[in-house]
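I have placed the structure first, in the form of structure tokens, so that the comments after it can refer back to it.
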Amino acid sequence: MTDQTGLTIKEVKEREKRYGRNEITAKRKGNIKKHLKNIFSEPIYLLLSISAFIYFVLGDAADGFIMIMFVVFVIGIDRFQDLRTGNVLKKLKDITTPRVEVIREGKKYQIGKEELVPGDLVLLQEGAKIPADGHLISCAGLWMDESILTGESIAVKKEAIESEHYNTDAMHDRNICCYTGTLVVLGSGRMIVDCIGNDTEYGKIAESIASMETENSLLQRQLKELAKQCLYFASILFILVSGITYLNLYQYTMSERIIHSMLAGIVLALSMVPGEFPVILSVYFSMGALRLVKKKALVRRLSSVETLGAVSVLCMDKTGTITENCMQVSEAFIEERQESRFCQILSLACRRDTSDSVEEALLDYGKELCKHCCNKDSRNEKEYLDTPVMACDLSKDQRQLILEYSFTNEMKAMGQLWFVEGKRIIAAKGSPEAILRLCSLQKKKQLELQQKLLEYSGKGRKVIAIADTELEPEEEAPERLEDCRLQFRGLIALADPPRATIPEGIQSCYLA
């Protein structure tokens, strides 16, 4: 167990021998054997190679060398492109290799991230990139950007755990763990390294990607089909020409007729092999790769030039990518004369211990709605803002959270059971489809809400439904939110403004 003084130098050396260096060693697909295998698995190049062999057998060395040169030229271009891109990427990697601050034998050291071993005590500061997987033993306001692993742009708040309490179960608690490649956006902390290299979550992803088979592009599939057709017609031509020649050479002996007829068939069949076509394609793709390089884009596989040129649909994450990730309530539909109740339920349905932009937007809207519904001059303004509920005369001591119904992908809704002024209230929010299933609504009301949902969705809004129920004194609290019968309170439409540079970027994509 690592203490606050870190590992000793002896322990570091022992662990380095045992676990190796902190490097992701996924096998590269770009080695020469892989290239040769990929090239000769293509029927068109296999056909060229067979043709060259036949030319040599027939004594036509000149044509044989031409065919061989075609194949070598294609291999050379492909290999050169891969090596050039690989060298650039290696230099970029060397430049960006971070230094890590660790504590060993009670002293601070600056080391390369590849020198880390399991058990090392790493110091984390704002802006640092996590060099290995580990758990936090102390932190102060630590927030992490884990988008590289999860795709979520929202920062995640981290907590620390005492080393003696860290066990197998705690390893799965993402709140106390830090992961390779993620970024410290705020705060500081101390982390004990648990996994390095390929054993990290990032390393497992890299290994998985390295083991994936590359799918052939449309043009590659068409080339395979072309090669098959050429082989098919060449075979037919060989049979026809050989047969006709054999019949016309009746004055020769049997062995001479067979040899001459086969030679005539082979020569004519070889003329069906498109030797120049692969070379022209390789040159064309190389020119495309060169144009991309001039625009500061690296191309490792030449076939990707064709794939990039055939892009018709561009998909991307919206929140935080093309938008500012700054949710704001733009519109709301509230049941008639239910503003006060809606305000209270909205506040009770929201979590306050989160940095989620949706929760923050809903709470801000609840505060503004309370100002509109209540006489704010009759109470302390600061206290009022700290308790954004319609029952804003209540102190926090008069409201107690009893139970929380967590959000699930199946339910797409969450709720909280509160004890407020002697009453037990379940406040729920979530997707309109999920919440409305739990509400008893007349047909006319359902149609009205459907129209509202279509209106908000048509504007690109994120829509949240709010509902509640009050439990009877003797009634047991439901174990699941799905078991509740709720009273519909209203809809909230949230807008996330696009970034200022997005229109120009989308226009560039259209013109590309």
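Computed quantities for the displayed model
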read-out: Single residue of Glu470, Glu482, Glu474 found to be touching a residue at least 24 places away in the same chain (Cβ under 8 Å) and more than 22 Å from Cys343 (Cα to Cα); value: Glu482
read-out: Of residues in segment 8-23 being acidic (Asp, Glu) and assigned to a helix (DSSP H, G or I), the one surrounded by the fewest Cβ atoms within 10 Å (Cβ to Cβ); value: Glu14
read-out: Members of segment 85-113 that are at pLDDT 70 or above and part of a helix (DSSP H, G or I); value: Lys113
read-out: Residue list for segment 403-446, restricted to those being farther than 24 Å from Phe333 by Cβ and of a type in the set (Asp, Glu); value: Glu404, Glu410, Glu421
read-out: Selection count where residues are at pLDDT below 70 and under 19 Å from Glu207 (Cβ atoms), scope segment 12-60; value: 7
read-out: Test: residue in segment 459-468 that is assigned by TED's automatic domain parsing to the domain that holds Leu362, over 16 Å from Lys412 (Cα atoms) and surrounded by fewer than 19 Cβ atoms within 10 Å (Cβ to Cβ); value: yes
read-out: Selected residue (criterion: farthest from the chain's Cα centre (by Cα)) from residues of segment 290-311 that are of a type in the set (A, V, I, L, M, F, W, C) and not in a loop (DSSP other than H, G, I, E, B); value: Leu290
read-out: Answer residue from segment 280-302, given it is charged (D, E, K, R) and surrounded by 15 or more Cβ atoms within 10 Å (Cβ to Cβ) and is farthest from Ile75 (Cα to Cα) among those; value: Arg300
read-out: Residues of segment 99-143 that turn out to be over 18 Å from Cys195 (Cα atoms), assigned by TED's automatic domain parsing to the domain that holds Leu183 and surrounded by fewer than 17 Cβ atoms within 10 Å (Cβ to Cβ), as a count; value: 6
read-out: Conditions (1) under 26 Å from the mean Cα position of the chain (by Cα); (2) surrounded by 12 or more Cβ atoms within 10 Å (Cβ to Cβ); number of the one not met by Cys484; value: (1)
read-out: Any hit, segment 427-435, residues being out of contact with any Lys or Arg (no Cβ under 7 Å at 6 or more places or on another chain), exposed (fewer than 13 other Cβ atoms within 10 Å of the Cβ) and free of Cβ contacts under 8 Å to residues at least 60 places away in the same chain; value: yes
read-out: Lone unmet requirement of (1) over 34 Å from the mean Cα position of the chain (by Cα); (2) modelled with pLDDT of 55 or more for Asp377; value: (2)
read-out: Residues satisfying the stated conditions in segment 327-365, i.e. assigned to a loop (DSSP other than H, G, I, E, B), under 37 Å from the mean Cα position of the chain (by Cα) and at pLDDT below 85; value: Met327, Arg351, Arg352, Asp353, Thr354, Ser355, Asp356
read-out: Unique match (being closer than 18 Å to Ser406 by Cβ, charged (D, E, K, R) and assigned by TED's automatic domain parsing to the domain that holds Arg351) among Lys429, Lys452; value: Lys429
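The values are calculated or read from the model by the stated rules, or taken from the named source; none is laboratory data. Computed from a predicted structure; not experimentally measured. Cβ: placed from backbone, ideal geometry, glycine included. Neighbour counts: every protein chain shown.
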